[in-house]
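See structure below.
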Amino acid sequence: MTADEIKSLISKMNDEAWQKRDMAKAYQLYADEIVFHRPPFPPVTGLEANLQGDEGMLAAFGETSSTIHQLVVEGDTAVARWTWVGKHTGPLPTLGVPATGKEMELAGCTVYRFKDYKIVEQWEYSDMLGFLQQLGVVNFPG
């Protein structure tokens, strides 16, 4: 795969998932054995398990959008720096946080590894502390 092909696939997947909210189309880019790493959470393995997680995010957040600010490709690996925005309108499945109605913004980077035109591994490094603060789950004194 060329760097331009990888950039195009990631941009399309991002658009399908977070602007059009069509996870079925977005997940056509993922391999069946995909492993998704998002510290501090345990890795999620397999297409169906990852799809359920992202569909849970769509259910918890209405009006989502995501902007890729930078996309760098070297060999079979790509890194995207992004900002994700959504309105918290439903319970957050992984944390059990009820809907707050708050607008949320999450900034982060994702590393993708490709094999045979599919994403086989993904690592997300994002500002989870800031995310939890926006939800009101974590508060700092002062």
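Just so you know, all these numbers are worked out from the coordinates, no wet-lab data involved. Given the structure is predicted, the values throughout are model-derived calculations rather than measurements. All Cβ positions, even for glycine, are placed from backbone atoms using ideal geometry, and neighbour counts span all protein chains on display.
Here the contact order of the chain, divided by its residue count and restricted to Cα pairs under 8 Å and six or more residues apart, works out to 21 percent. Other residues lying with their Cβ under 14 Å from the Cβ of residue 20 contribute a combined charge of -3, Lys and Arg counting +1, Asp and Glu -1. Approximating the spin labels as points 7 Å out from Cα along Cα→Cβ, the residue 32-to-residue 8 distance works out to 2.7 nm. What does a probe at residue 69 reach in the range 1-16, counting residues whose amide N is under 11 Å from the point 7 Å along Cα→Cβ? In the range 1-16, the label zone of residue 69 (backbone N under 11 Å from the point 7 Å along Cα→Cβ) covers no residue. Can you give the net charge of the other residues whose Cβ lies under 15 Å from the Cβ of residue 4, counting K and R as +1 and D and E as -1? Charge balance near residue 4 sits at -1. If you plug the beta carbon distance of residue 48 and residue 15 into 1/(1 + (r/R0)^6) with R0 = 22 Å, you get a FRET efficiency near 0.50.
Applied to the range 110-123, the Karplus parametrisation 6.51 cos²θ - 1.76 cosθ + 1.60 on θ = phi - 60° returns per-residue 3J(HN,Hα) values of 10, 9, 10, 10, 9, 8, 6, 6, 10, 7, 9, 9, 9, 10 Hz, with x for Gly and Pro.
A Förster radius of 22 Å combined with the Cβ-Cβ distance from residue 139 to residue 97 puts the calculated FRET efficiency at roughly 0.95. Extension gain, residue 117 to residue 89, is 6.6 nm, computed as 0.36 nm per intervening residue step minus the present C-alpha separation.
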